[in-house]
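*Asks:* Starting off with a structure, shown below.
The values are calculated or read from the model by the stated rules, or taken from the named source; none is laboratory data. Since the model is a prediction, treat every value here as computed from it, not as a measurement. All Cβ positions, even for glycine, are placed from backbone atoms using ideal geometry, and neighbour counts span all protein chains on display. Each accessible area value is taken on the protein alone, full model and side chains, heavy atoms only, with ligands, DNA and RNA left out. Shrake-Rupley method; radii C 1.70, N 1.55, O 1.52, S 1.80 Å.
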Amino acid sequence: RRHSFPTRRSSDLLEPEPAYEPYRRYYLAQQREMELKLQPLRTHVRGVLGKASPALRKLVELDAALDGILGERESKLLAIVPVLLEKRFRQLHDAHRQKLMATQQADSPDHWMQAGGWLADFCQEMQTVLLAELDVRLQPSLGLMEAFNHELTHIHE
């Protein structure tokens, strides 16, 4: 199921402070979806490699052991990311307000999502972090696939 990226509604513009909560919920939903999709992929890749050769079977066993050992720690660390993003959200908003005070300009929430706007910058940063997290979560499966590809290459040489 696809989760749509949070967008500002006109009713949001009446709020004196921007709300991080929709972005937190979105990020958490993306994390859950990654977990639900990537764990079965890793299990499938292990299944294929486990049947390929004795060497790859050992690699699969090692991967499963490491997943058991490091998986919980990885989950705990990744759970911190939405908290860090909230801090970044507040930093960007505070910098925006300070800039307005320094230049004595009025705030215009409808400009927040325009190019160069603080919220547009935050959204771009959050999407970059999501891609980085996806990359981290895919690394074990990609490593297993590379090992399988390497094994196939050496068999045909």
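*Asks:* Within region 73-92, does at least one residue satisfy the condition of being open to solvent by 60 Å² or more (accessible area, probe 1.4 Å) and either over 28 Å from ALA19 (Cβ atoms) or outside any helix (DSSP H, G or I) (or both)?
*Replies:* Yes: one or more hits.
*Asks:* Within region 47-63, identify whether any single residue is in contact with an Asp or Glu (Cβ under 7 Å, 6 or more places away or on another chain), assigned to a helix (DSSP H, G or I), of a type outside the set (Asp, Glu) and at pLDDT 95 or above, and answer yes or no.
*Replies:* no
*Asks:* Among the residues of region 90-133, which ones are closer than 30 Å to THR43 by Cβ and either of a type in the set (Ser, Thr, Tyr) or in contact with a Leu (Cβ under 8 Å, 6 or more places away or on another chain) (or both)? Don't jump to the end; show me each part of the working.
*Replies:* First pass over region 90-133, keeping only residues closer than 30 Å to THR43 by Cβ: 126-133.
Passing the criteria: MET126, THR128, VAL129, GLU133.
*Asks:* Consider only pairs whose beta carbons are under 6 Å apart and that are at least six residues apart or on different chains; among these, list those whose first residue lies in region 73-102 and is free of Cβ contacts under 8 Å to residues at least 24 places away in the same chain and whose second residue is of a type outside the set (Lys, Arg).
*Replies:* Every condition considered, the pairs that remain are HIS96/TRP118; LEU100/ASP107.
*Asks:* Out of the residues in region 48-70 that are free of Cβ contacts under 8 Å to residues at least 12 places away in the same chain and more than 13 Å from PRO140 (Cβ to Cβ), which is least open to solvent (accessible area, probe 1.4 Å)?
*Replies:* GLY50
*Asks:* Out of the residues in region 104-134 meeting the condition of being open to solvent by 20 Å² or more (accessible area, probe 1.4 Å) and charged (D, E, K, R), tell me which one is nearest to ARG32 (Cα to Cα).
*Replies:* Out of the qualifying residues, it is GLU125.
*Asks:* In this structure, is ALA147 under 27 Å from the mean Cα position of the chain (by Cα) and assigned to a helix (DSSP H, G or I)? Quick ask: steps written out before the conclusion?
*Replies:* Working: under 27 Å from the mean Cα position of the chain (by Cα): yes; assigned to a helix (DSSP H, G or I): yes.
So ALA147 fits the description; yes.
*Asks:* Let me ask you something else. Going through region 123-134 one residue at a time, which ones are within 17 Å of LYS87 (Cβ to Cβ), in contact with a helix residue (DSSP H, G or I) (Cβ under 9 Å, 6 or more places away or on another chain) and either modelled with pLDDT of 95 or more or part of a loop (DSSP other than H, G, I, E, B) (or both)?
*Replies:* Passing the criteria: GLU125, MET126, VAL129, LEU130, GLU133.
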